[in-house]
Structures are given as C-alpha cells and as structure tokens.
Amino acid sequence: MDGGRVGGSGGAERAALVALLRERPGGRGWAEITAGVLEAGSAVVVWQRLVPPVLVQPPGEPDPLDAAAKQIGRWADRGWRLLSILDDDYPSRLRGIHQAPPVLFARGTLVRGDVAVSVVGSRQASSRGLDIAARVAGELAARGVTVLGGLALGIDTAAHRAALAAGGRTVCVIGTGIDRAYPAGNRGLQEQIAARGLVLSQFWPDAPPQRHNFLMRNATMSGYGLATVVVEAGEQSGSRAQARIAVEHGRPVILTSLVVERNDWARALVGRPGVHVAGHLQAVLDIVEHLIAEPAALGAALRQLAPS
C-alpha cells in the first residue's frame, strides 16, 4: 500500500532513492543524498538533477531506475517493506533527527505516532540489571507504551521478552540487514517480534554486523523513541553512546540509580537538560507518564488559544 507521500509518487520515489543510494552520483554519501532529497521533497527530482539522461543504455548495463524498481519488488516478495524517508509511514519522530536513515526495511506492524521508549543497557548485565529491565519493560508494555530495543544480549533481550510476556508491543532496531539475525541466538526472538511487533533495519538486507552499524542503530533508536531508559551499562557500552546521542537530539534520558552509581559517564550527564535519575521502578513510570502527557497538554492549550 503506497498511501500519501511527503513528496512525489510512491513507487517512482522509492526506486529513485534506492538508485541514488546505490549509484552515489558524484561520490555523494548517504547523508548528503538524504539532505538533498528532503530539501527537494523528491528523490526523482534529485536523480534527474544529478544523473544526466542517456539516449541509449550501454550494452549489458541495466537502467539504474529499472534495476532499483525490480530489486524493491524482490524485497517485497520476501515480505520486507521498504520505507523511504519521504513516505508518510516513515516514523515521523525519527525523520526529525539529522541522522535519519534515508530508507528503512520493516517486518511487522507499523504504528503511526508510535509512543515508544528505549529500554537498553549492557550485554553483560547483572541479575539485578536484568530484573530491573524486565520490570520496567513489562510495566511500560502493560500501559500501552511500546518497548524499543536493539535485540542485543542482556538488557535489550530481557526488555523485549518482558514486553512480549506482558502482551505488549515491542520494536527492535537491528544493527544488520533484515535478512540476518544478530546475535544468532536471538533469531527466534527476532521472529516473535516481527510477528507481534516490528523489526526495523536501516541497512541493505544482507548487511553483516559491523562495529559502526551499532552506533548508527543507537541514533535511530533515539530518534524513533520518546525517551531512552538506560538500566545498566559500562563505561564503553553502546547504551552510553545512545544516552549521549539522545541528549544531542533533545530527547529525555532516564538513568537508573544503578547506572549512575557505577559509571562516571552517567554521573557527568546528571544535571543536563532532559536527563532524569530514577531510583525505583515507579519513578521511571512516573517520568514516562509525564513525558507522554506533556505533548497532549500542550496540544490542548494550543487548541484553547486558537480562534473559534
């Protein structure tokens, strides 16, 4: 289903964007291409501007737009939905960050305006950390809040499983292509999330796990979610990076007292705008409920001020 678009027609726009990302005319990187497409409001316009038309395609070389359209069709046959940054169904909160991926691959159910909170932390989590993650995620899910994670071992896995056990919604943003599972031991969990929630990837479907992928994934999680809860994390944890990125995005960060007690980086964040410290489960829930209520209250106030 194409639906409305931020700019241009669905199929042609997606094909042009995929072609731009594959061909990278003039050696442009993905970030530059994305910025140009958003500015123009159309990938087709950018393609026409950067790639001069040819009367006859060189023998043996397929037309890039046709090749992209066929590739998108093959992805669809595999059950992978491609979202362009111009699509109305592209997560609107994510579109607002400067690291917004130009495309997303999705398996599962997209929810417009999804109210999601990241619950993240160490892969080598303590039993206390795992218990906190499970309780936070379970309570958020029971309140209708989507639990967002990165499918990593430890805290992320505990949060995803607790959300599913509570009958709630969970979304995983993975650091590989959507045709892969990493870690391999979480393949079954990834399938459960695809069936009952949503799996997202910003990489080509066959992309392997690479170190820089996970930092990019952390930025996407921060952008998608309303806030980030860091349960337990070491000095070099990816969750530390997500907390820092979330502060840069102006997104709230909730640090448990556990992570503040054990980490210099967490203590350094305390006092920054939007950074909260929660000493117990109810404190986390109260902060999240306040964050959810704030936009609703602002919207109500603006409606009251609007002329009748």
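State whether one or more residues within region 131-144 are in the same structural domain as residue 251 (by TED's automatic domain parsing) and either on the phi > 0 side of the Ramachandran plot or assigned to a loop (DSSP other than H, G, I, E, B) (or both). Before the answer, list the steps.
Looking only at region 131-144, we keep the residues that are in the same structural domain as residue 251 (by TED's automatic domain parsing), and these are 131-144.
This time we only want the ones that are either on the phi > 0 side of the Ramachandran plot or assigned to a loop (DSSP other than H, G, I, E, B) (or both), so: 143-144.
Yes; the residues of region 131-144 include at least one that is in the same structural domain as residue 251 (by TED's automatic domain parsing) and either on the phi > 0 side of the Ramachandran plot or assigned to a loop (DSSP other than H, G, I, E, B) (or both).
Mind counting the residues in region 245-277 that are in a strand (DSSP E or B) and surrounded by fewer than 22 Cβ atoms within 10 Å (Cβ to Cβ)?
Looking only at that region, the number is 3.
Just give me the residues in region 216-241 being assigned to a helix (DSSP H, G or I) and either in contact with an Asp or Glu (Cβ under 6 Å, 6 or more places away or on another chain) or modelled with pLDDT of 95 or more (or both), in sequence order.
216, 217, 218, 219, 220, 221, 222, 223, 224
With 290, 276 as the choices, which residue is touching a strand residue (DSSP E or B) at 6+ places or on another chain (Cβ under 7 Å) and at pLDDT 90 or above?
On the way: 290 fails: touching a strand residue (DSSP E or B) at 6+ places or on another chain (Cβ under 7 Å).
Matching residue, one of 290, 276: 276.
Right, residue 124: assigned by TED's automatic domain parsing to the domain that holds residue 178 and either over 30 Å from residue 266 (Cα atoms) or at pLDDT below 95 (or both) or not?
yes
Looking at 146, 170, 157, which is the one that is under 18 Å from the mean Cα position of the chain (by Cα), farther than 29 Å from residue 84 by Cβ and not aliphatic (A, V, I, L, M)?
On the way: 146 fails: farther than 29 Å from residue 84 by Cβ; 170 fails: farther than 29 Å from residue 84 by Cβ.
Going through 146, 170, 157 in turn, the sole match is 157.
Would you confirm whether or not region 159-173 contains a residue that is surrounded by fewer than 20 Cβ atoms within 10 Å (Cβ to Cβ), among the charged types (D, E, K, R), at negative phi and touching a strand residue (DSSP E or B) at 6+ places or on another chain (Cβ under 7 Å)?
The answer is no; no qualifying residue exists.
Would you pick out the residues in region 160-191 that are out of contact with any Lys or Arg (no Cβ under 9 Å at 6 or more places or on another chain) and in a strand (DSSP E or B)?
171, 172
Just name the residue that is nearest to residue 219 (Cα to Cα) out of those in region 58-85 that are touching a Pro at 6+ places or on another chain (Cβ under 9 Å) and crowded, with 17+ Cβ neighbours inside 10 Å.
It comes out as 85.
Listed here are the residues, each with its yes/no results for (1) assigned by TED's automatic domain parsing to the domain that holds residue 192; (2) within 22 Å of the chain's Cα centre (by Cα); (3) more than 30 Å from residue 250 (Cα to Cα).
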position: 19; (1), (2), (3): no, no, yes
position: 59; (1), (2), (3): no, no, yes
position: 67; (1), (2), (3): no, no, yes
position: 72; (1), (2), (3): no, yes, yes
position: 79; (1), (2), (3): no, yes, yes
position: 103; (1), (2), (3): no, yes, no
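When the residues of region 91-136 are narrowed to those that are among the hydroxyl-bearing types (Ser, Thr, Tyr) and without any contact (Cβ under 8 Å) to a residue 24 or more places away in the chain, which ends up nearest to residue 154 (Cα to Cα)?
Per the stated criteria, the residue is 127.
Six or more apart or on different chains, Cβ atoms under 9 Å: show the pairs whose first residue is in region 37-54 and loosely packed, with under 15 Cβ neighbours inside 10 Å and whose second is at pLDDT 95 or above and among the β-branched types (Val, Ile, Thr).
From region 37-54, the pairs are 39/46.
Can you go through 93, 128 and tell me which one is surrounded by fewer than 16 Cβ atoms within 10 Å (Cβ to Cβ) and part of a helix (DSSP H, G or I)?
One residue alone meets the criteria, 128.
Taking the conditions exactly as written (surrounded by fewer than 23 Cβ atoms within 10 Å (Cβ to Cβ) and either modelled with pLDDT under 95 or part of a loop (DSSP other than H, G, I, E, B) (or both)), does residue 194 satisfy them or not?
Spelling it out, it is not the case that residue 194 is surrounded by fewer than 23 Cβ atoms within 10 Å (Cβ to Cβ) and either modelled with pLDDT under 95 or part of a loop (DSSP other than H, G, I, E, B) (or both).
The values are calculated or read from the model by the stated rules, or taken from the named source; none is laboratory data. Just so we're clear, the structure is a prediction, and the values are computed from it rather than from any experiment. Don't worry about glycine lacking a Cβ; one is built from the backbone with ideal geometry, like all the others, and counts go over all protein chains shown.
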